[in-house]
1. What ³J(HN,Hα) values, in whole Hz, does the Karplus curve 6.51 cos²θ - 1.76 cosθ + 1.60 give for segment 268-273 when θ = phi - 60°, with x put for Gly and Pro?
2. Whole-Hz ³J(HN,Hα) for each residue in segment 51-66, computed from phi via Karplus 6.51 cos²θ - 1.76 cosθ + 1.60 with θ = phi - 60°, x for glycine and proline: what do you get?
3. Can you work out the accessible area per residue across the chain, with the rest of the protein chains kept in place, probe 1.4 Å, in square angstrom?
4. Sequence-distant or interchain residues sharing an amide H contact under 5 Å with C284, placed H: which?
5. If you filter segment 1-98 for chymotrypsin sites (Phe, Trp or Tyr not before Pro), then keep DSSP loop positions with at most 15 other Cβ within 10 Å, what is left?
6. So what J values fall out for segment 114-129 if you push phi through Karplus, 6.51 cos²θ - 1.76 cosθ + 1.60 with θ = phi - 60°, rounded to Hz, Gly and Pro as x?
7. May I ask for the percentage of alpha-carbon pairs in segment 1-121 that lie more than 23 Å from each other?
8. Pick out, in residue order, every one of the GluC sites (Glu not before Pro) in segment 122-191 that is DSSP loop and has at most 15 other C-beta atoms within 10 Å; say none if there are none.
Amino acid sequence: MQALEPPVRVRLLRYTRDGPLLVAAAARITVSKKPVERAMEMGPGEVEKWIRELVRRGHGSPLEHAVYTFEAECSRVCSHQLVRHRLASYTQQSMRYTEGFLRSMALKVCSIMGVGSCPERPTSANDYRVYETVLREAAGRLEGPDGSGWALIVAASRGYVFNPSWSPETMARVARAYLGATAEYYGLLAGRVPREDARMVIPQAVRTRIVFTMNARELLESFLPLRMCSHAQWEIRMLAWGVWRELMKVHPEIFRYAGPRCILEENRVRPEPCSLEQYLNGDCDFTIPRCPEMVPKPGIRSCLRYAAESSRASAGPRGLRG
């Protein structure tokens, strides 16, 4: 069975290469008369010791010297939540100047429907009318998640985000809505409605690409705690866990202590902080009576494990046969 496009993609583009050392040195000079160059003369063990102390004490300002830039592909619903984190920089794909992922979806639908006359780069009213007609016919064909229906759902996932946990019936219903709305969009373009106005009929689930930059403090103390939590909306939770996994590849010294708000709060009251993996594996117990989302202590670990497990996209809905 052909798989849906992943709901979320994220990759680390650039980062402060010596971020852990720089963070540790910045922390060190707050209590030392040494210049920065001397403060940076320390080994990996000492670097991690200083970072661990920052986490334990909640001394966040040294973390601001390490900066990370990501590219994410997600829905407009997700990106709208992302940009609420104001201590960051954002550059997003414009739907006024590009059709983004919609054209790729439309061309795939044309192939499935056996239409060979779909222009790869539509420019005229007639070109847009072809897109409109094909997409409207495809939406009408999606009466159920049979073999051909699933192919159209997969094609729709090129332009829009689907929740992998939806039932086949929900997938088909949502795909009909996505295809129908996109047909309206191209119909408006065919009628010479400006793109900036035609886009108003496009669902918020439409895919977008966004580049964002955050420093380690914003990541460790705000973005990851709020968005890795099981109470976060599922898509931005996937994005946050994807961001954390990318960070762990380059700077585990800093981000092994990151996680949902329960991790941040627990590490602030422990004599020594524990890593996210230690909490997930049961190597460290929670001592706080409840998490900030009001989950009592006995349920925090299972809540945390659910957040981790649900952050990975599945190939398709259960019970579907293509």
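The values are calculated or read from the model by the stated rules, or taken from the named source; none is laboratory data. As the structure is a prediction and not an experimental result, all values here were calculated from the model. Because the Cβ atoms are built from the backbone with ideal geometry, glycine has one as well, and the counts that use them run over all protein chains shown. These accessible areas exclude ligands, DNA and RNA; they are computed on the full protein's heavy atoms, side chains included. Shrake-Rupley method; radii C 1.70, N 1.55, O 1.52, S 1.80 Å.
1. Result, ordered by residue: 7, 10, 7, x, 9, x Hz.
2. Calculated HN-Hα couplings, in order: 5, 4, 5, 4, 4, 5, 8, x, 8, x, 4, x, 5, 5, 7, 9 Hz.
3. On a per-residue basis, the chain sits at 47 Å².
4. Amide H neighbours of C284, under 5 Å, 5+ apart: Y279.
5. Those satisfying the criteria are Y97.
6. In residue order, the calculated couplings are x, 9, x, 9, 6, x, 5, 10, x, 10, 9, 4, 5, 4, 5, 5 Hz.
7. 56 percent
8. Taking segment 122-191 and a limit of 15 other Cβ atoms within 10 Å, the loop GluC sites (Glu not before Pro) found are E143.
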